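**Q** Please see the structure below; I have some questions.
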Amino acid sequence: MSLSSVERDQIAREFEQNLQESGLTLDELGQQSGLDEDRFMRAFLMSERGSDPGDVWLIRDLLETAVKHNGGTFTPITKLNEENRRRAAGWFGIKDRR
């Protein structure tokens with residue numbers, strides 16, 4: 001799954017909306033991810049094409065869980081839907097980490 005710069009920007013905005021609904025700080029989310037700070041920020045900001053797709057899905061899933069736990073409304077991540085999760089699993093060997 002190749003994303004355009006517009007699609008990456010959209011995902012970054014959706015991540016930010018969900019972060020606000022989650023009640024977590026960016027640092028707390030980063031800690032929950034278990035990723036080092038640089039790797040986490042690349043995935044969260046969707047700033048580089050070279051971000052690990054597994055990291056992006058991990059952040060998506062952590063945000064969904066945190067938002068639901070906080071009683072908020074999860075904003076769907078446009079390109080990170082269940083159909084694309086199945087495709088990503090085939091393309092990148094990504095396992096469901098939920």
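**Q** With respect to Glu21, is the statement that it is at pLDDT below 90, among the acidic types (Asp, Glu) and over 13 Å from the mean Cα position of the chain (by Cα) true?
**A** no
**Q** Next up: Residue under question is Asp27, and the condition is that it be in a helix (DSSP H, G or I) and under 14 Å from the mean Cα position of the chain (by Cα); does it hold?
**A** For Asp27, the condition - in a helix (DSSP H, G or I) and under 14 Å from the mean Cα position of the chain (by Cα) - is not met.
**Q** I'm checking my understanding of the structure. Among residues of segment 81-98 that are touching an Asp or Glu at 6+ places or on another chain (Cβ under 9 Å), surrounded by 13 or more Cβ atoms within 10 Å (Cβ to Cβ) and not aliphatic (A, V, I, L, M), which one is modelled with the highest pLDDT?
**A** Arg85
**Q** Yes or no: segment 37-44 includes at least one residue that is among the small types (Gly, Ala, Ser), touching an Asp or Glu at 6+ places or on another chain (Cβ under 6 Å) and modelled with pLDDT under 95.
**A** Yes, because at least one residue in segment 37-44 is among the small types (Gly, Ala, Ser), touching an Asp or Glu at 6+ places or on another chain (Cβ under 6 Å) and modelled with pLDDT under 95.
**Q** Please give the number of the condition Trp57 fails out of (1) modelled with pLDDT under 70; (2) surrounded by 13 or more Cβ atoms within 10 Å (Cβ to Cβ); (3) under 20 Å from Val6 (Cα atoms).
**A** With respect to (1) modelled with pLDDT under 70; (2) surrounded by 13 or more Cβ atoms within 10 Å (Cβ to Cβ); (3) under 20 Å from Val6 (Cα atoms), Trp57 is out only on (1).
**Q** Can you name every residue in segment 34-53 that is more than 12 Å from Leu80 (Cβ to Cβ) and buried (at least 17 other Cβ atoms within 10 Å of the Cβ)?
**A** Passing the criteria: Leu35, Phe40, Arg42, Phe44, Ser51.
**Q** Now a separate question. Go through segment 62-80 and give me each residue that's in a helix (DSSP H, G or I) and crowded, with 17+ Cβ neighbours inside 10 Å.
**A** Those that are in a helix (DSSP H, G or I) and crowded, with 17+ Cβ neighbours inside 10 Å: Leu62, Leu63, Glu64, Ala66, Val67.
**Q** Another question about this same structure. Say whether the condition of being open to solvent by 80 Å² or more (accessible area, probe 1.4 Å), polar (S, T, N, Q) and outside any loop (DSSP other than H, G, I, E, B) is met by at least one residue in segment 10-17.
**A** Looking through segment 10-17, at least one residue is open to solvent by 80 Å² or more (accessible area, probe 1.4 Å), polar (S, T, N, Q) and outside any loop (DSSP other than H, G, I, E, B).
The values are calculated or read from the model by the stated rules, or taken from the named source; none is laboratory data. Given the structure is predicted, the values throughout are model-derived calculations rather than measurements. Reconstructed Cβ throughout: ideal geometry from the backbone, glycine too, with neighbour counts over all protein chains shown. Areas reflect the complete protein model, heavy atoms only, side chains present, ligands, DNA and RNA absent. Shrake-Rupley method; radii C 1.70, N 1.55, O 1.52, S 1.80 Å.
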